1. Does segment 229-251 hold any residues that are in contact with a helix residue (DSSP H, G or I) (Cβ under 7 Å, 6 or more places away or on another chain), free of Cβ contacts under 8 Å to residues at least 60 places away in the same chain and part of a helix (DSSP H, G or I), and which are they?
2. Taking the condition part of a strand (DSSP E or B) and either within 21 Å of the chain's Cα centre (by Cα) or farther than 22 Å from residue 261 by Cα (or both), does residue 217 pass?
3. Would you pick out the residues in segment 217-228 that are surrounded by 12 or more Cβ atoms within 10 Å (Cβ to Cβ) and under 22 Å from residue 187 (Cβ atoms)?
4. Please specify each residue of segment 131-153 satisfying the condition of being closer than 17 Å to residue 108 by Cβ and open to solvent by 30 Å² or more (accessible area, probe 1.4 Å).
5. Starting from segment 253-267, keep only residues that are free of Cβ contacts under 8 Å to residues at least 12 places away in the same chain and over 23 Å from residue 139 (Cα atoms), then list their pairs with residues that are of a type in the set (Lys, Arg) and open to solvent by 20 Å² or more (accessible area, probe 1.4 Å) whose Cβ atoms are within a distance under 7 Å, requiring at least 6 positions of separation or different chains.
6. Going by the conditions given, is residue 272 surrounded by fewer than 24 Cβ atoms within 10 Å (Cβ to Cβ) and within 29 Å of residue 128 (Cα to Cα)?
7. Which residue pairs have Cβ atoms under 6 Å apart, sit 6 or more places apart or on different chains, and have a first residue in segment 142-155 that is within 20 Å of residue 115 (Cα to Cα) and a second that is β-branched (Val, Ile, Thr) and not in a helix (DSSP H, G or I)?
8. If you go through segment 206-251, how many residues are modelled with pLDDT of 90 or more, charged (D, E, K, R) and over 19 Å from residue 278 (Cβ atoms)?
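The values are calculated or read from the model by the stated rules, or taken from the named source; none is laboratory data. Nothing here was measured: the structure is a model prediction, and the numbers come from that model. Please note: Cβ atoms are built from the backbone with ideal geometry, for glycine as well, and neighbour counts cover all protein chains shown. These area figures cover heavy atoms from the full protein model, side chains too; ligands, DNA and RNA do not enter into them. Shrake-Rupley method; radii C 1.70, N 1.55, O 1.52, S 1.80 Å.
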Amino acid sequence: MATELQRQDSMPCHNRQVNSTSTPSPERLRADDQILDHAEENNAAMAKLTLLPGHAHSSVLSDRDSQACCGTNLHSENHSDSSNYEAPVGDSLLGDCELSRQIGAQLKLLPMNDQIRELQTIIRDKTASRGDFMFSADRLIRLVVEEGLNQLPYKECMVTTPTGHKYEGVKFEKGNCGVSIMRSGEAMEQGLRDCCRSIRIGKILIQSDEETQRAKVYYAKFPPDIYRRKVLLMYPILSTGNTVIEAVKVLIEHGVQPSVIILLSLFSTPHGAKSIIQEFPEITILTTEVHPVAPTHFGQKYFGTD
């Protein structure tokens, strides 16, 4: 469940140590009251950031980070359907926090910890062996899939333990399926099957047209009743967001509502996430990191075609 975090203001006046031992005058007391009232108004007006519990993605930036964000214009890494992708001006590390404020609950980030950070580092490291890369990618995929399943609806149930006691628990509601965007999305299929053995998985093949450079749908195969299911859409790297936007349009054509689509991704750029949400405000995006440089070599290295 998402929680709401607020930045902490400076220490309120009544918590500061006062060195003076003299009795304050009535005028000073009235001035202090005005200061406290003003601080309370600022707290009430402060924007809230909706994140998964424990999230620590640039919610509070240092002065050095803020300076680094100003005017940063980075290029994506290596190969993908958007290998020439360039982060628009303004997309920077600061964009992570600002983007989350704008989008709110639709953009969900896994809680950052050293384990996830190490997996991200290995995936981005050009010197990492393919074995280490795949091992780290599969681990990170599993974490994203587990959290994606946590976004699906549950219902309460009662079971009996081997000792005869009643236990109140929960179980998945039926009617879920996965859809992978080929080819890189197929890397996430096994992680989903490891968690849901009998889940149905559809496929979409989208490639960039050589002349227009626009995403074009070449193949789509879904469960026949997908319009009645909640969809876990799998695509590990979001650069421009164009491929996902086309995939969602295909799902809509088959009767799927954007509100029941959960996009599972490993890495996203601010521009990619923003583009998808602007096109489909009801879709949910789950990722581990929002960063202006996406590891777009992911599919080639995972499948050994780099």
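1. Within segment 229-251, 245, 248 meet the criteria.
2. no
3. The answer is 217, 220, 222, 223, 226.
4. 142, 143, 146, 147, 150, 151, 153
5. Once the first residue is free of Cβ contacts under 8 Å to residues at least 12 places away in the same chain and over 23 Å from residue 139 (Cα atoms) and sits in segment 253-267, no partner that is of a type in the set (Lys, Arg) and open to solvent by 20 Å² or more (accessible area, probe 1.4 Å) comes close enough.
6. Spelling it out, it is not the case that residue 272 is surrounded by fewer than 24 Cβ atoms within 10 Å (Cβ to Cβ) and within 29 Å of residue 128 (Cα to Cα).
7. That search, which allows pairs on different chains as well, returns 148/262.
8. Total meeting the criteria: 5.
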